[in-house]
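Let me give you the structure first, and then I'll get to my questions.
None of the figures in this text is laboratory data; all of them are computed from the coordinates on show. Treat the numbers as computed from the prediction; the structure is a model and nothing was measured. Neighbour counts run over all protein chains shown; Cβ positions are idealised from the backbone, glycine included.
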Amino acid sequence: MRRLTQRTEAVINLSLLEENVKNIRSRLGKDVEIMAVLKGDGYGHGEKGLYPTLKKCGVESYAVAVWEEGASLRNVGATEPILLLGDTCDGQLDRLVTYNLTPTIFSLSTAEKLNDIASRSGIVQPINIKIDTGMSRIGFPSNDSSVPIIKQVSEMKNLEITGAFTHFSRADEPDGKSASAQLKLYLDMISKLEQEGIKIPQKHIANSPAILLRPETQLDAVRAGDILYGLSPLDDNDAWYKENLRQILSWYTYVAMVKDVPAGTEVGYGGTFVTTRKTKIATIPVGFADGYSRDLSNKGKVMINGKDAPIIGRVCMDQFMVDVTEIENVKRGDTVTLLDETLSVLWMADLLNTNVDEIVCSISKRVPRIYE
């Protein structure tokens, strides 16, 4: 049983991260690169703490959502290419030059502004072109009207297109029809651009579900997000467990107080739980301010001394209560498991009718990340 020296901690198993990288690489063609997706502060795992292990594993490049995440990686010594998957507002385009980040370009006006900044800085700024093939989010439309605009971008003296990508919206679907249609739109668009003399050095489209299910989408690089962390991108849980990718995050706290109450006792705000018997209650010093969802009230559970303890009453901002009547010898200081491979992120996501990413990204900054 893990012994804590602080109120709570999210423990990141770096050996499992290494194993996941090896698993992913075993699925790839000889010259296909891994682009590790570290957006959302490494999906809540802490990008700074993950980077040394990913570097040791030979990960070739990184992708984040916003320039601040890219700057954070640079500040811990990252020298590899870092792609920004999201937008950068006009007032912060200079940060891309400062930190040598590769932005996603999907409009002529942004390209023009960035070209001017790069020109004044005396550098050639790397960029990626985003093509919208069906996500309807950001990207140049995948049709002929976009070709002359992208050609204008390619002719700007202080910009260099280093890659072009799109994003699958339904790569996890077993029949693959949607993914195949998007792949065709993307490759057709790339062909049109290359016919115009526009060089696309790196082509990438495969996200986590595509890495698992669609080997034909690997191209030059794959963008590994969920599966790096052992988080399922698939709707079919049975299929996921067969992939042998391990959840790298566990979350622990401790028992703050144990008390006996009689039948008929209200528990927590609003009295949403009332005991029906003499009940032993343990108070847990974590709450929704830590990212432990309020929606777990009266339906979640934790593990104490190897046994399940159901949540009773509402999860508060900083505490919640569990029923430990059936668990022997529970006392203050006992370790409480909130998440691990048994009480998994996938289990919690299914319980809350959300996805795995929301669970891990919601764990707040006041929960220390411990790397082992």
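Once you order the gyration tensor axes a ≥ b ≥ c over the Cα atoms, which shape class does region 249-371 get: rounded for a/c under 1.5, otherwise prolate or oblate by comparing a/b with b/c? Don't skip to the end; give the middle numbers.
Working: a/c = 1.81, a/b = 1.48, b/c = 1.22.
Prolate shape, in that a/c is at least 1.5 and a/b is the bigger ratio.
Moving on to the next point. How far is helix 177-195 tilted, in degrees, relative to the longest principal axis of the Cα atoms in the chain, given as a value from 0 to 90 rounded to the nearest 10?
In the chain, helix 177-195 runs at an angle near 30 degrees to the longest axis.
Please compute the modelled spin-label separation between V76 and V261, points set 7 Å along Cα→Cβ, answer in nm with one decimal.
4.1 nm
Further question on the same structure: Go through 320-328, 15-23 and give me the packing order, highest mean Cβ count within 10 Å leading.
320-328, 15-23
Using only Cα atoms, tell me the angle between helix 47-56 and the longest principal axis of the chain; keep it within 0 to 90° and round to the nearest 10.
For helix 47-56, the angle is close to 60 degrees.
Expressed as a rounded percentage, what relative contact order does region 14-231 have, with Cα pairs under 8 Å and six or more residues apart?
Averaging sequence separation for qualifying contacts and normalising by length gives 20 percent for region 14-231.
Return the single residue from V356, V261, V286 with maximal mean-square fluctuation; model: Gaussian network over the chain, springs between Cα atoms under 10 Å.
So, out of V356, V261, V286, the one fluctuating most is V261.
Under a Cβ-only charge scheme (Lys and Arg +1, Asp and Glu -1), can you give me the dipole magnitude of the chain about the Cα centre, in debye to the nearest 20?
Values: 43 positive and 49 negative charges, 177 e Å.
For the chain, the charge dipole is close to 860 debye.
Right, next: With Cβ to Cβ distances under 15 Å as the rule, what net charge do the other residues near T53 carry (K, R +1; D, E -1)?
Working: positive: K22, R25, K48, K55, K56, R246, R369; negative: E18, E19, E47, E60, E80, E372.
Net local charge, T53 excluded: +1.
Among I150, I227, I105, whose mean-square fluctuation peaks in a Gaussian network model of the chain (Cα, cutoff 10 Å)?
Comparing I150, I227, I105 in the GNM, the peak value goes to I150.
So how much slack lies between I138 and S169, counting 0.36 nm per residue of separation and subtracting their Cα-Cα distance, in nm?
On the way: separation 31, 0.36 × 31 = 11.16 nm, distance 1.24 nm.
Going from the current span to full extension adds 9.9 nm.
With point charges of +1 on the Cβ of Lys and Arg and -1 on the Cβ of Asp and Glu, referenced to the Cα centre of the chain, which listed residue (I327, Y51, G40) lies farthest in the positive direction of the dipole?
About the Cα centre, the residue reaching furthest to the positive side is I327.
Suppose every Lys and Arg Cβ carries +1 and every Asp and Glu Cβ carries -1, with no other charges. What dipole size does region 249-371 come out with about its Cα centre, to the nearest 20 debye?
400 debye
Can you count the Lys pairs in region 249-371 with C-alpha separation below 22 Å, eight or more apart or on different chains?
Step by step, the pairs that qualify in region 249-371 add up to 17.
Moving on to the next point. Counting each DSSP H run of 4 or more residues in the chain as -39500 (n - 2.57), what helix-only mean residue ellipticity at 222 nm follows after dividing by all residues, to the nearest 500 deg cm²/dmol?
Working: 12 runs with 110 residues, N = 372.
One gets -8500 deg cm²/dmol as the mean residue ellipticity at 222 nm.
Using the basic label-point model (7 angstrom from Cα toward the beta carbon), what is the R2 to K56 distance in nanometres?
1.9 nm
Multiply the residue separation of L108 and D318 by 0.36 nm, subtract the distance between their alpha-carbon atoms, and state the gained length in nm to one decimal.
Values: separation 210, 0.36 × 210 = 75.60 nm, distance 4.77 nm.
Gain in length upon complete extension: 70.8 nm.
Right, here's the next one. Restricting to region 1-135, compute how many DSSP beta bridges are antiparallel as a %, nearest 5. Working shown, then result.
Details: 0 of 9 bridges.
Approximately 0 percent, going by the DSSP bridge assignments.
Also, I was wondering about something else. Applying a 10 Å radius around every beta-carbon, put 211-222, 306-317, 62-73, 192-203 in order of their mean neighbour count, most first. Show your work: numbers first, answer last.
Details: 211-222: 20.2, 306-317: 18.5, 62-73: 21.8, 192-203: 14.5.
The packing order, highest mean first, is 62-73, 211-222, 306-317, 192-203.
Okay, next question. Could you work out how far apart the two model spin labels at K203 and Q152 are, taking each label as a point 7 Å from the Cα in the direction of the beta carbon, and quote it in nm?
A separation of 2.6 nm, rounded to one decimal place.
Taking the Cα centre of region 14-231 as origin and charging only Cβ (+1 Lys, Arg; -1 Asp, Glu), how large is the dipole, in debye to the nearest 20? Display every interim value, and only then the final one.
Working: 24 positive and 28 negative charges, 55 e Å.
So the dipole magnitude of region 14-231 works out to roughly 260 debye.
Continuing with this model, one more query. For region 100-153, which trypsin sites (Lys or Arg not before Pro) pass both filters: DSSP loop (anything but H, G, I, E, B) and at most 15 other C-beta atoms within 10 Å? Write down the numbers at each step before the final one.
Working: sites: K113, R120, K130, R137, K151; in loops: R137.
Hits after loop and neighbour filter: R137.
Taking the Cα centre of the chain as the origin and placing charges on Cβ (Lys, Arg +1; Asp, Glu -1), which of L339, W67, Q6 is farthest toward the positive end of the dipole?
Q6
Express in nm, to one decimal, how much length is gained between E341 and K365 on full extension, taking 0.36 nm for each residue of separation and deducting their alpha carbon distance.
Working: separation 24, 0.36 × 24 = 8.64 nm, distance 2.19 nm.
In short, 6.5 nm is gained.
Along the charge dipole of the chain, Cβ charges K/R +1 and D/E -1, which of P81, P201, G163 sits furthest on the positive end?
P81
Still on this structure, please answer the following. Once you wrap a convex hull around the alpha carbon atoms of region 41-102, what is its projected area averaged over all directions, in nm²? Write down the numbers at each step before the final one.
Details: hull surface 15.8 nm².
That works out to 3.9 nm².
Kindly work out what percent of the DSSP beta bridges joining two residues of the chain are antiparallel, to the nearest 5. Display every interim value, and only then the final one.
Values: 27 of 56 bridges.
So the antiparallel bridges amount to about 50 percent of the total.
Another one. So which residue, out of S208, S146, S61, gets the largest mean-square fluctuation from a GNM of the chain using Cα contacts under 10 Å as springs?
S146
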